[in-house]
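The structure appears right after this line, and notes come after that.
What follows draws every value from the coordinates through simple rules; no lab data is involved. Remember, it's a predicted structure, so these values are computed and weren't measured experimentally. Don't worry about glycine lacking a Cβ; one is built from the backbone with ideal geometry, like all the others, and counts go over all protein chains shown.
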Amino acid sequence: MDRLFFDAAALVAIVFAGLMVIGRNPVKSVLALVVSFFGLAVTYVLLLAPFIAALQVIVYAGAILVLFLFVLMLLNVGPEKPDGARRPIQSILGGLSVVVFAGLLLGMFRASGARVPVMAQPAELADPAALARVLFSDYLLHFEAVSVLLLAALVGAFVLARRENT
Amino acid sequence: MIGSIPLSHVLLTSGALFSIGIAGALLRRNAIQIFLSIELMMNAANLALLGYGAALGTHEGQILVFFVIAIAAAEASVGLAIFVALFRHTETIDVNKINLLKW
């Protein structure tokens, strides 16, 4: 049953990611990516990470993609027009990347067979309180470093987007 | 619960999303759509991390994903600020027309 839900959510994520890439209108691309991220959030819940799923919806779909949409509206970027130019290098690299990753995946499946390293599942894995205990004890320094990084990004974005004559 | 989801399905989904993202980053011309493709690739990596974290029964996968989301937020804010500054100078965010630093 979980498997069925996982496959359905993964399919939604993949289909809308494909729509995001092939769409020419950037606004539609952002909206397709929002749906794709909701599908991914469902898979995160099934992978025993409900807190990360909430973060995915609130921070990724809610904040980051809305920021993208905001900048798109601000810049008033129209749909990409086909310019007729062949871009052979990009096309070859894009096709090659897909082939290489598909080959790597197939090779991995053939090598590992059907053996899935499923271990005993601790019940506290899905518990946000247990996650917080690990995060604020073993990884406290990293957490603080990320807060400094976010401050640096805030200052950097302010300096970059500021008008120069004021 | 994870026992009923094969890790191979997680990795297959992750690989498919990463391939779609890398193809989009190479084939699109609009800088914002390239940026969206990069966000998609980060999410593919997050899915693989969570899959392994759940399969191994540790919290480390979730903690790494937590940091990746925070860094993606920082990256999005700085990247979009660069696009706004770029648009103010060149009136376009088509990456084929912005070639000041090329060659």
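For trypsin sites (Lys or Arg not before Pro), no site in region A:2-80 is both called loop by DSSP and has at most 13 other Cβ atoms within 10 Å.
Residue by residue along A:131-139, Cβ atoms of other protein chains within 10 Å of the local Cβ number 3 on average.
Take each peptide in A:58-67, A:146-155, count the other Cβ atoms within 10 Å of every residue, and average; sorted highest first, the result is A:58-67, A:146-155.
Only helical runs count toward this figure. For chain A, summing -39,500 (n - 2.57) over DSSP H runs of n ≥ 4 and dividing by all residues gives -23000 deg cm²/dmol at 222 nm.
Quick one: compute the contact order of chain A, relative version, from alpha carbon pairs under 8 angstrom and 6+ residues apart, as a percent.
Contact order relative to length: 18 percent.
Helices that extend 18 Å or more along their long axis by alpha-carbon positions and average at least -0.5 on the Kyte-Doolittle scale are, among the DSSP H runs of chain A, A:2-22, A:26-46, A:88-112, A:140-161.
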